[in-house]
Amino acid sequence: MRTRKYWSRARLCLGLVVVSLAAVGGCRSGPAPDRSNDAPETRKELGAIGRLRQGFINAVNSHTLDGWLASSVSDGIVMMPPDQPTIVTREDVRGWLKAFLEQHAVEDLSLTSSTDLAGEWAFERGVYMVKFGRKDAGSPSLQRGKYVVIWQRPSDGSWKAAYVIWNRDGASVKDR
C-alpha cells in the first residue's frame, strides 16, 4: 500500500530528525544549563545570539521589525507560524509580518530560552508570553507558547535566524 509506505517513511524521517537534534542539541528538560564554565568563545557566541533575541523582543514590542529583519534574518529563512503555510525568504517574512501586525495587537513579548551551539549552527528553544489578539476583537489576551529558532553563522561571522517555528499552548489565559 502506498499510504502505509508513505507513513512509514514519514515516521522514519521524523525519528531521524528527533535523534539528530537530540545528538546535536543536547536534548534535555529543566532549567537552562550553567554557562559560567563555558569557553570564552562559546560565551561570546551565546552573548551575540542573546543580543539578537533581545533585539527581536524590542522590535516586536515597538512594532519596528524592518531593521531587525534586515540585520538578523538569513535571506532564505524558513518561518513556520501556527495555522499558516510555511513562509520562505526574508522578503516574504517581512510581508507576512507587516500584514499580521496591521491586523493584530502584540504587546509585552517576553522569551525564556536555552541555546546550544554546534559549529556554524545554534539551536534555541524556549517559551514565550505575549499579550496578543485581533485589533477588531477588543483588548489582547495573555498567551503562552513555545518556539524553536535555528541560527546559522554565515562566512561573515554574524548569526542569522535560518528557521523559526512557534505555537501557543492551548487557549489564551483569558479564554480559560
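Read-outs: derived from the displayed coordinates by stated rules, not from any lab. The structure displayed is predicted, hence computed values, not measured ones. Cβ placement follows ideal geometry from the backbone for every residue including glycine, while neighbour counts extend to all protein chains displayed.
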Label point at residue 44 placed 7 Å out along Cα→Cβ; residues across segment 155-171 whose backbone nitrogen lies under 18 Å: 155-160
Ellipsoid semi-axes in whole angstrom, largest first, where each is sqrt(5λ) of the Cα gyration tensor of segment 38-175: 26, 17, 13
Separation of the residue 146 and residue 58 label points, Cα + 7 Å toward Cβ, nm: 3.0 nm
Cα-based equivalent ellipsoid of segment 108-160: semi-axis lengths in Å, sorted from largest, via gyration tensor: 31, 12, 7
Relative contact order of segment 100-154, pairs being alpha-carbon contacts under 8 Å that are 6 or more residues apart, as %: 36 percent
Separation in nanometres of the label points that stand 7 Å from Cα toward Cβ, at residue 135 and residue 91: 2.5 nm
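Report the calculated FRET efficiency for residue 51 and residue 80 (r = Cβ-Cβ distance, R0 = 35 Å), to the nearest 0.05.
Numbers: r = 24 Å, r/R0 = 0.69.
Working from the Cβ atoms, E equals 0.90.
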